[in-house]
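**Student:** Have a look at the structure that comes next, please.
The values are calculated or read from the model by the stated rules, or taken from the named source; none is laboratory data. Keep in mind that what you see is a predicted model, and the values were worked out from it rather than measured. Methodologically, a virtual Cβ is constructed for each residue, glycine included, from the backbone with ideal geometry; neighbour enumeration extends over all protein chains shown. Each accessible area value is taken on the protein alone, full model and side chains, heavy atoms only, with ligands, DNA and RNA left out. Shrake-Rupley method; radii C 1.70, N 1.55, O 1.52, S 1.80 Å.
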Amino acid sequence: MPTTTPVVHAIPVPKDNYAWLMETSPGNAILFDPGDFGPVAEVLHQRRLKPTHILITHHHHDHIGGVTALADHFGAKIVGHALDAKRLPPLDLAVKDGDTIPLEGWHCDVWATPGHTVGHVVYRIGDALFTGDTLFSLGCGRLFEGTAEMMWASMQKLRGLPGVQRIFPAHEYTLLNLDFVLKLEPNNPCLPSFRQWVLEQTDKGEPTLPTTMEQELRCNPFLRADRSDFVQNIGMSGKTGVDVFAHVRTLRNQH
Ligand code: ZN
Ligand code: FE
(Lines give C-alpha, C1' and ligand atoms only; values in the text may rest on other atoms or scores of the structure.)
(Ligands and ions follow the chains in the order given, each with its own letter.)
Protein backbone atom coordinates (compact mmCIF):
# COMPACT_ATOMS: atom_id res chain seq x y z
CA MET A 1 0.00 0.00 0.00
CA PRO A 2 1.59 3.26 -1.04
CA THR A 3 2.05 6.04 1.45
CA THR A 4 -0.53 8.81 1.46
CA THR A 5 2.19 11.45 1.07
CA PRO A 6 3.24 11.30 -2.57
CA VAL A 7 6.57 12.70 -3.76
CA VAL A 8 5.81 15.64 -6.04
CA HIS A 9 8.23 17.70 -8.14
CA ALA A 10 7.68 21.18 -9.56
CA ILE A 11 8.42 21.66 -13.25
CA PRO A 12 8.51 25.38 -14.03
CA VAL A 13 6.92 26.17 -17.40
CA PRO A 14 7.31 29.71 -18.75
CA LYS A 15 6.22 32.10 -17.80
CA ASP A 16 4.85 31.39 -14.34
CA ASN A 17 3.15 27.97 -14.61
CA TYR A 18 4.05 24.77 -12.85
CA ALA A 19 3.46 21.34 -14.29
CA TRP A 20 3.44 19.05 -11.25
CA LEU A 21 5.06 15.64 -11.47
CA MET A 22 3.96 13.03 -8.94
CA GLU A 23 5.92 9.79 -8.52
CA THR A 24 3.65 6.74 -8.36
CA SER A 25 5.66 3.51 -8.64
CA PRO A 26 9.39 3.09 -9.38
CA GLY A 27 10.06 4.84 -12.68
CA ASN A 28 6.46 5.92 -13.16
CA ALA A 29 4.70 9.20 -12.56
CA ILE A 30 1.60 11.30 -13.16
CA LEU A 31 1.74 14.75 -14.75
CA PHE A 32 -0.63 17.61 -14.00
CA ASP A 33 -1.32 20.43 -16.47
CA PRO A 34 1.81 20.28 -18.64
CA GLY A 35 1.49 23.53 -20.57
CA ASP A 36 4.52 22.87 -22.76
CA PHE A 37 6.40 19.84 -24.10
CA GLY A 38 10.06 20.90 -23.89
CA PRO A 39 10.70 21.76 -20.23
CA VAL A 40 8.50 18.89 -19.04
CA ALA A 41 10.11 16.23 -21.27
CA GLU A 42 13.52 17.40 -20.14
CA VAL A 43 12.72 16.89 -16.45
CA LEU A 44 11.16 13.50 -17.18
CA HIS A 45 14.35 12.37 -18.91
CA GLN A 46 16.59 13.78 -16.17
CA ARG A 47 14.60 12.02 -13.47
CA ARG A 48 14.14 8.87 -15.55
CA LEU A 49 10.40 8.98 -14.97
CA LYS A 50 7.76 7.89 -17.44
CA PRO A 51 4.32 9.47 -17.17
CA THR A 52 1.53 6.89 -17.28
CA HIS A 53 -1.22 9.53 -16.99
CA ILE A 54 -1.65 13.23 -17.68
CA LEU A 55 -4.33 14.93 -15.62
CA ILE A 56 -5.89 18.18 -16.83
CA THR A 57 -7.63 20.68 -14.52
CA HIS A 58 -9.11 22.92 -17.24
CA HIS A 59 -8.98 23.84 -20.88
CA HIS A 60 -6.72 26.93 -20.90
CA HIS A 61 -3.74 26.71 -23.20
CA ASP A 62 -1.13 27.26 -20.48
CA HIS A 63 -2.38 24.00 -18.90
CA ILE A 64 -2.84 21.78 -21.95
CA GLY A 65 -0.25 23.06 -24.45
CA GLY A 66 2.07 20.07 -23.94
CA VAL A 67 -0.51 17.37 -23.30
CA THR A 68 -0.90 15.74 -26.70
CA ALA A 69 2.81 15.75 -27.56
CA LEU A 70 3.76 14.32 -24.15
CA ALA A 71 1.02 11.68 -24.30
CA ASP A 72 2.18 10.60 -27.77
CA HIS A 73 5.86 10.61 -26.83
CA PHE A 74 5.52 8.65 -23.57
CA GLY A 75 2.34 6.66 -24.26
CA ALA A 76 0.49 8.34 -21.37
CA LYS A 77 -3.28 8.33 -20.92
CA ILE A 78 -5.05 11.69 -20.87
CA VAL A 79 -7.53 12.35 -18.05
CA GLY A 80 -9.93 15.31 -17.86
CA HIS A 81 -13.44 16.48 -17.08
CA ALA A 82 -16.16 14.87 -19.24
CA LEU A 83 -18.06 18.18 -19.17
CA ASP A 84 -15.23 19.92 -21.03
CA ALA A 85 -14.28 17.03 -23.35
CA LYS A 86 -14.90 19.14 -26.46
CA ARG A 87 -12.40 21.78 -25.34
CA LEU A 88 -9.68 19.38 -24.13
CA PRO A 89 -7.23 17.15 -26.00
CA PRO A 90 -8.83 13.73 -26.78
CA LEU A 91 -9.46 12.08 -23.39
CA ASP A 92 -8.64 8.45 -22.65
CA LEU A 93 -10.49 8.77 -19.37
CA ALA A 94 -13.34 11.28 -18.93
CA VAL A 95 -14.04 11.94 -15.24
CA LYS A 96 -16.73 13.78 -13.31
CA ASP A 97 -17.33 15.34 -9.90
CA GLY A 98 -17.20 12.77 -7.10
CA ASP A 99 -15.29 10.13 -9.05
CA THR A 100 -12.47 8.21 -7.40
CA ILE A 101 -10.15 6.76 -10.00
CA PRO A 102 -7.36 4.23 -9.43
CA LEU A 103 -3.98 5.44 -10.71
CA GLU A 104 -0.95 3.17 -10.45
CA GLY A 105 -1.96 1.91 -7.01
CA TRP A 106 -3.13 5.31 -5.78
CA HIS A 107 -6.65 6.67 -5.42
CA CYS A 108 -7.44 10.00 -7.01
CA ASP A 109 -10.55 11.95 -6.04
CA VAL A 110 -12.04 14.29 -8.61
CA TRP A 111 -13.91 17.41 -7.50
CA ALA A 112 -15.60 19.89 -9.79
CA THR A 113 -14.67 23.45 -8.76
CA PRO A 114 -16.39 25.77 -11.25
CA GLY A 115 -15.56 29.47 -11.23
CA HIS A 116 -12.38 30.18 -13.20
CA THR A 117 -13.91 28.03 -15.93
CA VAL A 118 -17.20 26.12 -15.67
CA GLY A 119 -15.49 22.79 -16.31
CA HIS A 120 -12.60 23.18 -13.86
CA VAL A 121 -11.75 20.15 -11.69
CA VAL A 122 -9.20 19.57 -8.94
CA TYR A 123 -7.54 16.26 -8.09
CA ARG A 124 -6.77 14.92 -4.64
CA ILE A 125 -4.30 12.10 -4.10
CA GLY A 126 -3.50 11.40 -0.44
CA ASP A 127 -2.34 14.63 1.18
CA ALA A 128 -1.74 16.30 -2.20
CA LEU A 129 -4.39 18.50 -3.83
CA PHE A 130 -3.76 19.75 -7.36
CA THR A 131 -5.82 22.91 -7.71
CA GLY A 132 -4.98 24.24 -11.19
CA ASP A 133 -6.33 27.81 -11.40
CA THR A 134 -9.00 27.40 -8.71
CA LEU A 135 -6.93 27.99 -5.57
CA PHE A 136 -3.54 29.71 -5.41
CA SER A 137 -1.36 30.57 -2.47
CA LEU A 138 -3.11 33.71 -1.14
CA GLY A 139 -5.43 33.82 -4.13
CA CYS A 140 -7.95 32.22 -6.44
CA GLY A 141 -8.47 32.16 -10.18
CA ARG A 142 -10.16 34.96 -12.07
CA LEU A 143 -13.83 34.44 -12.90
CA PHE A 144 -13.50 33.97 -16.65
CA GLU A 145 -16.59 31.79 -17.12
CA GLY A 146 -18.24 31.18 -13.75
CA THR A 147 -19.94 33.46 -11.24
CA ALA A 148 -18.84 34.61 -7.80
CA GLU A 149 -21.47 32.26 -6.35
CA MET A 150 -19.91 29.30 -8.16
CA MET A 151 -16.37 30.13 -7.10
CA TRP A 152 -17.35 30.88 -3.51
CA ALA A 153 -19.06 27.46 -3.37
CA SER A 154 -15.84 25.91 -4.75
CA MET A 155 -13.80 27.71 -2.05
CA GLN A 156 -16.11 26.37 0.66
CA LYS A 157 -15.81 22.85 -0.71
CA LEU A 158 -12.00 22.96 -0.65
CA ARG A 159 -11.61 24.54 2.75
CA GLY A 160 -13.28 21.53 4.39
CA LEU A 161 -10.13 19.55 3.71
CA PRO A 162 -7.68 18.88 6.55
CA GLY A 163 -5.21 21.61 7.50
CA VAL A 164 -2.28 19.38 6.55
CA GLN A 165 -3.57 19.03 2.99
CA ARG A 166 -0.75 20.16 0.69
CA ILE A 167 -1.94 22.41 -2.13
CA PHE A 168 -0.24 22.44 -5.53
CA PRO A 169 -1.58 25.32 -7.67
CA ALA A 170 -0.60 25.68 -11.32
CA HIS A 171 0.92 29.17 -11.03
CA GLU A 172 3.65 30.92 -9.05
CA TYR A 173 1.56 33.93 -8.06
CA THR A 174 2.39 34.08 -4.35
CA LEU A 175 4.44 37.27 -4.41
CA LEU A 176 1.89 39.13 -6.54
CA ASN A 177 -0.93 37.95 -4.29
CA LEU A 178 1.03 38.85 -1.17
CA ASP A 179 1.30 42.45 -2.29
CA PHE A 180 -2.48 42.59 -2.68
CA VAL A 181 -3.27 40.79 0.58
CA LEU A 182 -0.94 43.03 2.60
CA LYS A 183 -2.81 46.10 1.35
CA LEU A 184 -6.19 44.47 1.88
CA GLU A 185 -5.55 43.20 5.40
CA PRO A 186 -2.40 44.84 6.79
CA ASN A 187 -3.23 43.85 10.36
CA ASN A 188 -3.44 40.09 9.68
CA PRO A 189 -0.90 38.77 12.25
CA CYS A 190 0.08 35.79 10.07
CA LEU A 191 1.32 37.80 7.10
CA PRO A 192 4.72 39.17 8.22
CA SER A 193 6.34 35.78 8.86
CA PHE A 194 4.84 34.33 5.69
CA ARG A 195 6.13 37.31 3.71
CA GLN A 196 9.61 36.70 5.09
CA TRP A 197 9.53 33.09 3.93
CA VAL A 198 8.15 33.98 0.48
CA LEU A 199 10.94 36.53 -0.04
CA GLU A 200 13.58 33.97 1.01
CA GLN A 201 12.22 31.37 -1.40
CA THR A 202 12.00 33.92 -4.22
CA ASP A 203 15.60 35.08 -3.60
CA LYS A 204 16.78 31.47 -3.88
CA GLY A 205 14.73 30.98 -7.05
CA GLU A 206 12.75 28.24 -5.28
CA PRO A 207 8.98 27.67 -5.58
CA THR A 208 6.75 29.09 -2.85
CA LEU A 209 4.60 25.99 -3.31
CA PRO A 210 3.10 23.74 -2.19
CA THR A 211 1.16 25.66 0.39
CA THR A 212 -1.15 24.00 2.94
CA MET A 213 -4.82 24.39 3.76
CA GLU A 214 -3.89 25.50 7.28
CA GLN A 215 -1.73 28.32 5.88
CA GLU A 216 -4.41 29.37 3.37
CA LEU A 217 -7.12 29.45 6.03
CA ARG A 218 -4.98 31.95 7.94
CA CYS A 219 -4.01 34.20 5.04
CA ASN A 220 -6.04 33.61 1.85
CA PRO A 221 -8.85 36.20 1.71
CA PHE A 222 -10.88 34.14 -0.78
CA LEU A 223 -11.25 31.28 1.70
CA ARG A 224 -12.13 33.66 4.53
CA ALA A 225 -14.92 35.74 2.99
CA ASP A 226 -17.36 34.76 5.75
CA ARG A 227 -14.94 34.77 8.69
CA SER A 228 -15.75 37.52 11.18
CA ASP A 229 -12.14 38.58 11.83
CA PHE A 230 -11.48 39.00 8.11
CA VAL A 231 -14.79 40.69 7.30
CA GLN A 232 -14.18 43.10 10.18
CA ASN A 233 -10.58 43.73 9.09
CA ILE A 234 -11.74 44.87 5.65
CA GLY A 235 -14.72 46.86 6.92
CA MET A 236 -17.50 44.68 5.49
CA SER A 237 -19.25 43.52 8.66
CA GLY A 238 -22.82 42.39 8.05
CA LYS A 239 -22.25 41.36 4.41
CA THR A 240 -22.74 37.79 3.22
CA GLY A 241 -19.84 35.51 2.30
CA VAL A 242 -20.61 35.65 -1.40
CA ASP A 243 -20.83 39.47 -1.36
CA VAL A 244 -17.51 39.74 0.42
CA PHE A 245 -15.96 37.18 -1.93
CA ALA A 246 -17.22 39.03 -5.02
CA HIS A 247 -15.99 42.38 -3.66
CA VAL A 248 -12.49 41.06 -2.89
CA ARG A 249 -12.32 39.36 -6.30
CA THR A 250 -13.14 42.71 -7.96
CA LEU A 251 -10.50 44.52 -5.87
CA ARG A 252 -7.95 41.89 -6.89
CA ASN A 253 -8.80 42.36 -10.59
CA GLN A 254 -8.16 46.08 -10.23
CA HIS A 255 -4.93 45.65 -8.30
ZN1 ZN B 1 -6.61 29.11 -16.46
FE1 FE C 1 -3.50 29.21 -15.90
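**Student:** For a quick check of understanding: with a 1.4 angstrom probe and all protein chains in place, what accessible area in square angstrom does residue 166 have, to the nearest ten?
**Tutor:** 50
**Student:** Something else about it: DSSP beta bridges in the chain, what fraction antiparallel, as a percent rounded to 5?
**Tutor:** So the antiparallel bridges amount to about 65 percent of the total.
**Student:** Multiply the residue gap between residue 145 and residue 73 by 0.36 nm, knock off their C-alpha separation, and tell me the result in nm, one decimal place.
**Tutor:** Here the segment from residue 145 to residue 73 would lengthen by 22.7 nm.
**Student:** Where the centroid of each part is defined by its Cα atoms, how far is segment 190-255 from segment 71-126 in Å?
**Tutor:** Measuring centre to centre over Cα atoms gives 28 Å.
**Student:** Going by accessible area, probe 1.4 Å, with all protein chains left in place, what is the ranking of 197, 111, 106, largest first?
**Tutor:** Ranking 197, 111, 106 by accessible area, largest first, yields 197, 111, 106.
**Student:** In degrees from 0 to 90, rounded to the nearest 10, what is the angle of the helix 38-47 Cα long axis to the longest principal axis of the chain?
**Tutor:** 70
**Student:** Tell me the per residue accessible area of segment 174-254 using a 1.4 Å probe; a whole number in Å² is fine.
**Tutor:** 50
**Student:** Another question, then. Would you please classify the overall shape of the chain from the alpha carbon gyration tensor, given that a ≥ b ≥ c denote the square roots of the eigenvalues, rounded means a/c under 1.5, and beyond that prolate means a/b larger than b/c while oblate covers the rest?
**Tutor:** Judged from the Cα gyration tensor, the chain comes out prolate (a/c at least 1.5, a/b above b/c).
**Student:** What's the carbon and sulfur percent of segment 174-254's accessible surface, probe 1.4 angstrom, rounded to a whole number?
**Tutor:** Carbon plus sulfur share of accessible area: 50 percent.
**Student:** Per-residue ellipticity at 222 nm for the chain, helices alone: DSSP H runs ≥ 4 residues times -39500 (n - 2.57), over residue total, nearest 500 deg cm²/dmol?
**Tutor:** For the chain, the value works out to -9500 deg cm²/dmol.
**Student:** Give the ranking of 173, 18 by solvent-accessible surface, highest area first, calculated with a 1.4 Å probe.
**Tutor:** Ranking 173, 18 by accessible area, largest first, yields 173, 18.
**Student:** Which of the aspartates and glutamates could be linked to residue 239 by a straight reach, that is with a Cα gap under 15 Å, when you skip same-chain ones fewer than 8 residues away?
**Tutor:** 149, 226, 229
**Student:** Answer rounded, prolate or oblate for segment 169-249, using the Cα gyration tensor with square roots of eigenvalues a ≥ b ≥ c: rounded when a/c is under 1.5, else prolate when a/b is larger than b/c, else oblate.
**Tutor:** Because a/c hits 1.5 or more and a/b exceeds b/c, segment 169-249 counts as prolate.
**Student:** Taking the Cα centre of segment 8-169 as origin and charging only Cβ (+1 Lys, Arg; -1 Asp, Glu), how large is the dipole, in debye to the nearest 20?
**Tutor:** For segment 8-169, the charge dipole is close to 140 debye.
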